[in-house]
Every structure is written in structure tokens, then in C-alpha cells.
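Undergrad: Quick one: the structure is below, and I'll ask about it shortly.
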Amino acid sequence: MRAIWKGAVSFGLVSIGVKLYSATEEKDIRFHQVHRDDGGRIRYKRTCSVCGEEVTYDDIAKGYDLGGGELVILTDEDFADLPLTSSRAIDVLEFVPAEQVDPILYNKAYFLEPEGTATKPYVLLRDALADSERVAIVKVALRQREQLATLRVRDGVLLLNTMLWPDEVRTPDFGFLGEDLKVRPPELAMASSLIDSMAGEFQPDAFTDDYRAALQEVIDAKVEGREVVQPEEEEVAPAAAVDLMAALKASVERARVARGEAPSGGAAEPTPISSARSAQQAAKTPAKKTAARKTAEKKTPAKKAEPAKKTAEKKTAQKKATKAPARKPAEKKAAPRKSA
């Protein structure tokens with residue numbers, strides 16, 4: 001790591017020389033803007049809107065918009081004269097309980113490393129801060145801006161968290177906040193039960209950035225000249241319209257099953273979620289089973305047709321037996337006529 005700032009932590013009459021390092025880094029995959037046809041990099045020129053000439057960084061100043069097209073121009077000399085009393089110091093203002101600092105105020109994190117002979121006072125401040133179970137509220141000037149920050153201990157190192165100023169946090173202004181919405185006690189109890197069933201210990205390593213991994217797979221495939229195989233997405237059965245209590249109950253049962261616990265009350269009644277799962281399992285039934293069922297259905301009528309054939313044969317035999325005696329008397333009468 002490369003130090004981005006050097007200064008001192010002012011702790012009472014003790015001054016501790018430190019170096020500042022970025023404690024975090026973004027893992028986003030970055031791209032360059034290029035011309036689609038030939039891959040050429042897209043360059044942007046800094047041009048003046050008045051004279052149209054290209055301007056270098058040395059000729060660029062900062063302008064504050066007063067409105068109506070009027071600007072106040074500030075140069076580097078104007079910023080240099082600003083009274084930044086904490087320009088190269090981290091001034092400890094007070095020590096407060098960590099839970100009193102709203103996490104929304106936290107901005108960026110930096111590691112502090114002792115410099116030179118400041119290791120012993122650094123370790124002293126670190127251990128004392130850890131034993132107090134408090135965080136130090138400090139002021140520091142970074143990038144020509146005075147910032148509020150906290151000092152706390154993490155992994156045996158002092159961690160500086162820059163903070164937003166209170167007036168930089170927006171106040172939520174939404175219409176539903178003024179509505180008189182009442183939650184029934186059974187609904188609140190069921191929601192609390194759902195929270196309890198999904199409670200656990202936070203382990204950051206258990207979560208991954210699936211989008212970044214998929215994007216990296218696309219890039220690797222482009223480099224290797226192979227095609228990217230997209231996984232087939234399972235069709236989710238449309239959920240039936242349910243009320244809040246039914247959805248909460250179904251969510252509790254699903255959380256229990258996910259934890260390997262038995263559903264409450266033994267064989268639970270079908271819920272919208274369990275019904276949807278049953279529908280999905282039925283849709284995934286192999287085609288062979290369906291074909292076997294159809295074959296069995298075809299064979300069954302064939303077996304029933306055999307008795308019908310036997311009955312028809314019996315009727316035919318009976319008819320023949322009935323006609324046969326009628327022919328014999330006719331043959332007996334014809335014999336005397338021949339003798340005459």
C-alpha cells in the first residue's frame with residue numbers, strides 16, 4: 001500500500017506521527033470508452049466555452065456560480081490562505097460510545113500506521129481506546145477540506161473513518177409518514193417470529209458479487225475466443241394474491257425448512273409458497289413418467305375390449321344353433337317327394 005497522507009494524531013499533549021492509507025478498494029470492473037468500429041480510445045478535450053481554445057490544467061481555476069451567469073473565480077492562492085488549523089494534524093476532540101454514532105454518517109475508511117519513533121505512543125493510544133470501548137471524535141483536513149472523523153481499533157490498527165457533516169444528511173420526506181397506519185398485534189408478532197427464524201451471525205465472506213463474477217466470465221470468454229453459456233433460468237410459478245398474515249406465515253415456514261427444522265404443527269396446511277413449490281416439482285416431472293401413464297391408459301381399454309369380443313362370439317354361436325334346427329325339418333320333407 002502507498003501512503004496518501006502524513007501527519008500526526010494530537011492526543012492531549014502527545015503527538016503521534018502517522019501515515020494514512022486507504023483501507024478499502026472498489027472491485028468494480030472498469031472499462032475505457034472506445035470507438036465501436038476500430039477500438040480507438042475516446043479522448044475528451046478541455047475547451048473554453050468563450051474562446052473555444054483547449055485549456056491545460058495549469059490554466060484552470062474554480063468558479064462559484066452566483067446565478068444569472070455570474071461567477072466568482074477562486075485560484076490556488078485563495079485556497080492556500082484558508083485557516084485550516086488541522087491541515088497536518090488529526091485533532092482528538094472527545095471520546096464517545098460507538099453506538100451513539102449513526103452509521104449513516106460514515107464515509108471513507110483509512111488505516112493509520114505509526115511513523116518513525118511513534119510506535120510506542122501509537123500502541124498506547126490503541127490499547128487505551130480499545131479498553132474504553134469508545135471511539136474518538138476527531139477533525140482532519142484531507143484534500144483541502146476539513147472533515148469530521150472517528151478513530152477506533154480494528155485488527156490491532158487504528159482506523160480513521162471520515163464522516164459527513166450533519167447538514168449533509170438528508171431528511172426523509174415521504175407521504176406515508178403522515179398517514180395513520182395501524183399494525184395489528186398478531187401481524188407484529190408474526191413479523192417478529194419471522195425475524196427470529198431468520199436470525200444469524202453476519203459473515204461477510206458468505207456473500208459474493210454474482211454480477212461481477214458473471215461479467216468477468218464474459219471478459220475471459222472474449223479473451224479465450226469461446227462462447228459464454230448462459231444458465232437456464234427456472235420459471236417461477238406466479239404467486240397467488242395472499243393477505244399479509246398468510247405471507248408472513250408462509251415466510252416463517254420457509255425459513256424453518258431452510259434451517260432444517262420441522263414445520264410447526266407437523267404436516268402444515270398448503271401455503272401459497274408450498275403450493276407454488278409443488279407446482280414447480282410437478283412441472284419438472286420427467287417426460288418418461290407421463291409417457292408411461294399414457295401407455296397404461298391405452299392398454300386398459302384394450303383389456304376391456306376382450307370380454308366384448310367373447311360376448312359377440314357367443315351370440316353368433318347361439319344364432320347359428322337356432323337356425324340349424326329349422327333347416328333339418330325341411331330336408332326330411334323333401335325326401336318323400338323324390339321317391340314318388
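The values are calculated or read from the model by the stated rules, or taken from the named source; none is laboratory data. All values derive from a computational prediction rather than experimental measurement. Glycine also receives a Cβ, built like all others from the backbone with ideal geometry; neighbour counts cover every protein chain displayed. Protein only, heavy atoms only, side chains kept; ligands, DNA and RNA dropped before computing areas. Shrake-Rupley method; radii C 1.70, N 1.55, O 1.52, S 1.80 Å.
Undergrad: Between Glu261 and Asp59, what FRET efficiency comes out of the Förster formula 1/(1 + (r/R0)^6) with R0 = 51 Å and r the beta carbon distance, rounded to 0.05?
TA: 0.15
Undergrad: Amide H neighbours of Ala23 under 5 Å, counting only residues 5+ apart in sequence or on other chains, H built in-plane at 1.01 Å?
TA: Ala109, Tyr110, Phe111
Undergrad: So which GluC sites (Glu not before Pro) in the stretch 1-85 are both in a DSSP loop and have at most 15 other Cβ atoms within 10 Å of their Cβ?
TA: The qualifying sites are Glu25, Glu26, Glu53.
Undergrad: Which entries of Lys45/Lys222; Lys27/Lys249; Lys45/Lys108; Lys62/Lys139; Lys6/Lys45; Lys27/Lys62 have Cα-Cα distances beyond 29 Å here?
TA: Listed pairs above 29 Å: Lys45/Lys222; Lys27/Lys249; Lys45/Lys108; Lys6/Lys45; Lys27/Lys62.
Undergrad: State the percentage of accessible surface on the stretch 42-82 attributable to carbon and sulfur atoms; use a 1.4 Å probe and exclude ligands, DNA and RNA.
TA: Its accessible area is 52 percent carbon and sulfur atoms.
Undergrad: Moving on to the next point. When the Karplus curve 6.51 cos²θ - 1.76 cosθ + 1.60 is applied with θ = phi - 60°, which whole-Hz ³J(HN,Hα) does each residue of the stretch 140-153 get, with x for Gly and Pro?
TA: Result, ordered by residue: 8, 9, 10, 6, 6, 8, 7, 10, 7, 8, 10, 10, 9, 9 Hz.
Undergrad: Also, quick follow-up: For labels at Arg2 and Leu93 in the simple 7 Å Cα→Cβ model, what's the distance in nm?
TA: Roughly 3.2 nm, to one decimal.
Undergrad: Please compute the modelled spin-label separation between Tyr44 and Gln100, points set 7 Å along Cα→Cβ, answer in nm with one decimal.
TA: Label at Gln100, label at Tyr44, 4.4 nm between them.
Undergrad: I'd like the FRET efficiency for Thr24 and Glu133, computed as 1/(1 + (r/R0)^6) with the beta carbon distance as r and R0 of 35 Å, rounded to 0.05.
TA: 0.90
Undergrad: Need one word for the stretch 111-167: rounded, prolate or oblate. Basis is the Cα gyration tensor (sqrt eigenvalues a ≥ b ≥ c); a/c below 1.5 gives rounded, then a/b vs b/c decides.
TA: Oblate.
Undergrad: Please list, ordered by chain and number, the residues whose modelled amide H lies under 5 Å from the amide H of Glu115; skip anything fewer than 5 residues away on the same chain.
TA: The list, which skips near neighbours in sequence, is Gly17, Val18, Lys19.
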